[in-house]
Amino acid sequence: SRSGSLRVRDGSWLNFAAPVTASSSAAEPIWSLRFVLSLLVMLFAVGIVSAMVVRHLTRPLARFSRAAERLGTDVNSPPMPEDGPVEVRQATRAFNQMQRRIRRFVEDRTQMLAAISHDLGTPITRLRLRAEFIEDEEQKTKTLADLDDMEKMVSSALSFARDDAAKEPRVTVDLRSLLHRVCDGIADTGHKVTLDTGDDPVRYGCRPVALRRALTNLIDNAVKYGSQARVSLQDDENTVLIRIDDDGP
């Protein structure tokens, strides 16, 4: 116990004593139930806040990833929105500027290809006229065949440039119907073409004119150099496979 004395005005003394007892909180263990519950609540709250902050910070990275994938397949994809923190806006602005430069580069090269292909048409025509005056029939035939091949290559390059300049929009088509039209058109010319697509439609987003031209070229080569073409269409969960087989070398 603790004691003390105090002298009052009349000269007497006032004595007092107070017992000292241990505090109940001092005797409580550190790892009590209340302390553990409080710690768990704080950790849970910190975890939720941390997850929200991390998601907010990594969201621009996911957006950059999707934009890069779109740019790899379509140089004319829409630009990214320039919003968010200062650093994100700066990176987005740089990415959009890079995309515009790549688009201008591709457009310039495509226009140059179209111009060269167009200009080559005139000398090929003159060479064809001059080849008609070759007296050696074998050399004449070979020269005209070479000129035909050159004209086809120039026409293909010019068609590619024109289609690219037209910027055909992407639409969703039924690949099964598209393949049927391509194969029927080639079969009508007397070539042997078989097609196996199944009965269910296969929806796919593409540029149908460009895809039809590519498939026509492949199947034409198959029947030209392999005597026949066997075309099949397989639609898996994440992949659409068009297979063109022939009996050529």
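The values are calculated or read from the model by the stated rules, or taken from the named source; none is laboratory data. Keep in mind that what you see is a predicted model, and the values were worked out from it rather than measured. Note: ideal-geometry Cβ built from the backbone for every residue, glycine included; neighbour counts use all protein chains shown. Protein only, heavy atoms only, side chains kept; ligands, DNA and RNA dropped before computing areas. Shrake-Rupley method; radii C 1.70, N 1.55, O 1.52, S 1.80 Å.
Summing -39500 (n - 2.57) over the DSSP H runs of n ≥ 4 in the chain and dividing by its residue number, what mean residue ellipticity at 222 nm do you reach, to the nearest 500 deg cm²/dmol?
Working: 5 runs with 149 residues, N = 249.
Using -39500 (n - 2.57) per qualifying helix, the result is -21500 deg cm²/dmol.
Report the label-to-label distance for Ser77 and Val53 in nanometres (one decimal), using points 7 Å from each Cα along the Cα→Cβ vector.
That separation, rounded to one decimal, is 3.1 nm.
Against the longest principal axis of the chain, how steep is helix 208-226, in degrees 0 to 90 to the nearest 10, with axes from Cα atoms?
Compared with the principal axis, the helix lies near 50 degrees.
Can you compute the radius of gyration and Dmax for the stretch 92-180, using only the Cα atoms, both in Å?
When restricted to the Cα atoms of the stretch 92-180, Rg and Dmax are 19.9, 66 Å.
With 5 Å bins from zero, work out the P(r) of the stretch 149-249 over every alpha carbon pair and list the percent per bin.
P(r) over the stretch 149-249, rounded to whole percents: 2, 12, 20, 21, 20, 16, 7, 2, 0.
Just want to confirm a number: the relative contact order over the chain, from Cα pairs under 8 angstrom separated by 6+ residues, in percent.
On the way: 199 pairs, mean separation 24.7, N = 249.
Reported relative contact order: 10 percent.
Which angle between 0 and 90 degrees, to the nearest 10, do you get for helix 137-166 versus the longest principal axis of the chain when only C-alpha atoms count?
The angle comes out at about 30 degrees.
Tell me, what is the Rg over Rh of the chain, with Rh the Kirkwood radius over Cα pairs? Working shown, then result.
Working: Rg = 40.2 Å, Rh = 26.7 Å.
Taking Rg over the Kirkwood Rh, I get 1.50.
In square angstrom, rounded to the nearest 10, how much accessible surface does Thr197 have for a 1.4 Å probe?
20
Could you order Val182, Val46 by accessible surface area, starting with the largest, using a probe radius of 1.4 Å?
Working: Val182 10, Val46 90 Å².
Sorted by accessible area, descending: Val46, Val182.
What distance in nm separates the simple spin-label points at Asn238 and Phe160, each placed 7 Å from Cα in the Cβ direction?
3.0
As I understand it, the value is the acute angle between the Cα axis of helix 33-73 and the longest principal axis of the Cα atoms of the chain; what does it come to in degrees, rounded to 10?
Between helix and principal axis, roughly 20 degrees.
If you average 1/r over every pair of different alpha-carbon atoms in the stretch 12-150 and take one over that average, what Kirkwood value in Å do you get?
Here the Kirkwood hydrodynamic radius works out to 24.2 Å.
Cα-based count: Lys pairs in the chain below 20 Å, eight or more positions apart or different chains?
For the chain, the number of qualifying lysine pairs is 5.
May I ask you to rank Phe44, Phe35 by accessible area, largest first, using a 1.4 Å probe over the protein chains only?
On the way: Phe44 140, Phe35 90 Å².
So, going from the largest accessible area down, we get Phe44, Phe35.
Could you sort Ile48, Ile186, Ile244 by accessible area so the largest value comes first, with the probe set to 1.4 Å?
Working: Ile48 75, Ile186 10, Ile244 45 Å².
Reading off the accessible areas and sorting them downward yields Ile48, Ile244, Ile186.
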